1. Would you check if Pro139 is in contact (Cβ under 8 Å) with a residue 24 or more places away in the chain, farther than 19 Å from Ser9 by Cβ and not basic (Lys, Arg)?
2. Looking at Leu197 and the list (1) within 21 Å of Asp75 (Cα to Cα); (2) assigned to a loop (DSSP other than H, G, I, E, B), which single condition is not satisfied?
3. Residues in the stretch 178-211 that are surrounded by 15 or more Cβ atoms within 10 Å (Cβ to Cβ), of a type in the set (A, V, I, L, M, F, W, C) and over 14 Å from Ile258 (Cβ atoms): how many?
4. Which one of Glu133, Glu168 is surrounded by fewer than 18 Cβ atoms within 10 Å (Cβ to Cβ), assigned by TED's automatic domain parsing to the domain that holds Asp16, in a loop (DSSP other than H, G, I, E, B) and more than 20 Å from the chain's Cα centre (by Cα)?
5. If Gly158 satisfies every condition in (1) in a helix (DSSP H, G or I); (2) more than 16 Å from the chain's Cα centre (by Cα) but one, which is the exception?
6. Suppose the filter is under 21 Å from the mean Cα position of the chain (by Cα), over 22 Å from Thr243 (Cβ atoms), in a loop (DSSP other than H, G, I, E, B) and modelled with pLDDT under 95; does Ala183 pass it?
7. Quick check on this structure: which one of Gly224, Gly288 is at positive phi, buried (at least 18 other Cβ atoms within 10 Å of the Cβ) and not hydroxyl-bearing (Ser, Thr, Tyr)?
Amino acid sequence: MSERLCLLSVHAHPDDEASKGPATVAKYHHQGVRTVLVCCTGGEEGDILNPAMDLPEVRADIASVRRRELATAADIIGYDEVVHLGYRDSGMADTPQNEHPDCFARADLDEAVARLVAVVRRERPQVVITYGEDQHSYPHPDHIRVHEVSVAAFAAAGDAAAYPGGGEPWQPLKLYYSGWSGARILAMHEKFEELGLESPFDEGWRERAAASSADYTTVIDVAGFTDVRRSALLAHATQVDPTSPFWFGLPPEVARTIHPIDEYELARSLVPARPPDAGDIEDDLFAGVRDLAAR
């Protein structure tokens, strides 16, 4: 395989790319891997969470504002390409916004898969990152749809009989679900208490974190890249309150030491299985792929 290594991430809204795995993307970009972001919606229904940005002119032009915020955040993270899939934010379930005919959740599934397949075939990633099937903690219709579309596109992109107008077939080799482990929440809470600061994680938060049972197969060491999340989140000025204790309650020099890893679940792999003595946890999204590339 002589193709350049490429990592493609699929997200629902502008700002999701800043909260889910930005340090991982920054690390691979630093290594020379081509990094591509697919943002499925414009985020038109996102609440303005920063009081300083809650202005009439911002509300009136929120789609354009969020598009500019995304461009800034993507540049901070190190994405080489940002692709807008072109759907409208669906809002939450059982809201009028969720009934809008142009929203992602109402889009024809086959059409949405065709759009993503065309991106995959053009960008030719070996690794695709998306959301897992279990979205019970935050069942946003767009997040659920991202999972459905990404899984179908991963399977279809290499099939010459599928979507023949979508470009030359290309089969990605590995599909991952991004994670946010309970261990991260608990470690942050403990550090708040250690420093004598009020923790934003109440007992309910901690109980859910302790009960988290995601089967992470892959752990990426992102030491040296953890500040990327903070900077990218702040670029989404409408969506992120810079005084939020959840995101920014710990001093930066402390926050970068807390859980400096990103976790993923390997959902599908088409590369040869690792030998039995390679360990149970991967430390590289391109494990196995690099071996093929070196041949």
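The values are calculated or read from the model by the stated rules, or taken from the named source; none is laboratory data. Small disclaimer: the values here were computed from a predicted structure and weren't measured. All Cβ positions, even for glycine, are placed from backbone atoms using ideal geometry, and neighbour counts span all protein chains on display.
1. On the way: in contact (Cβ under 8 Å) with a residue 24 or more places away in the chain: yes; farther than 19 Å from Ser9 by Cβ: yes; not basic (Lys, Arg): yes.
So Pro139 passes the test.
2. Going through the list (1) within 21 Å of Asp75 (Cα to Cα); (2) assigned to a loop (DSSP other than H, G, I, E, B), Leu197 breaks only (1).
3. 1
4. Working: Glu133 fails: more than 20 Å from the chain's Cα centre (by Cα).
Going through Glu133, Glu168 in turn, the sole match is Glu168.
5. (1)
6. Working: under 21 Å from the mean Cα position of the chain (by Cα): yes; over 22 Å from Thr243 (Cβ atoms): yes; in a loop (DSSP other than H, G, I, E, B): no; modelled with pLDDT under 95: yes.
Taking the combined requirement at face value, the residue does not satisfy it.
7. Details: Gly224 fails: buried (at least 18 other Cβ atoms within 10 Å of the Cβ).
So the residue among Gly224, Gly288 that is at positive phi, buried (at least 18 other Cβ atoms within 10 Å of the Cβ) and not hydroxyl-bearing (Ser, Thr, Tyr) is Gly288.
One line per residue, one yes/no per condition, for (1) aromatic (Phe, Trp, Tyr); (2) out of contact with any Gly (no Cβ under 8 Å at 6 or more places or on another chain); (3) more than 29 Å from Thr243 (Cα to Cα):
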position: Thr24; (1), (2), (3): no, yes, no
position: Val38; (1), (2), (3): no, yes, no
position: Gly43; (1), (2), (3): no, yes, no
position: Ala63; (1), (2), (3): no, no, no
position: Tyr87; (1), (2), (3): yes, no, yes
position: Glu99; (1), (2), (3): no, yes, yes
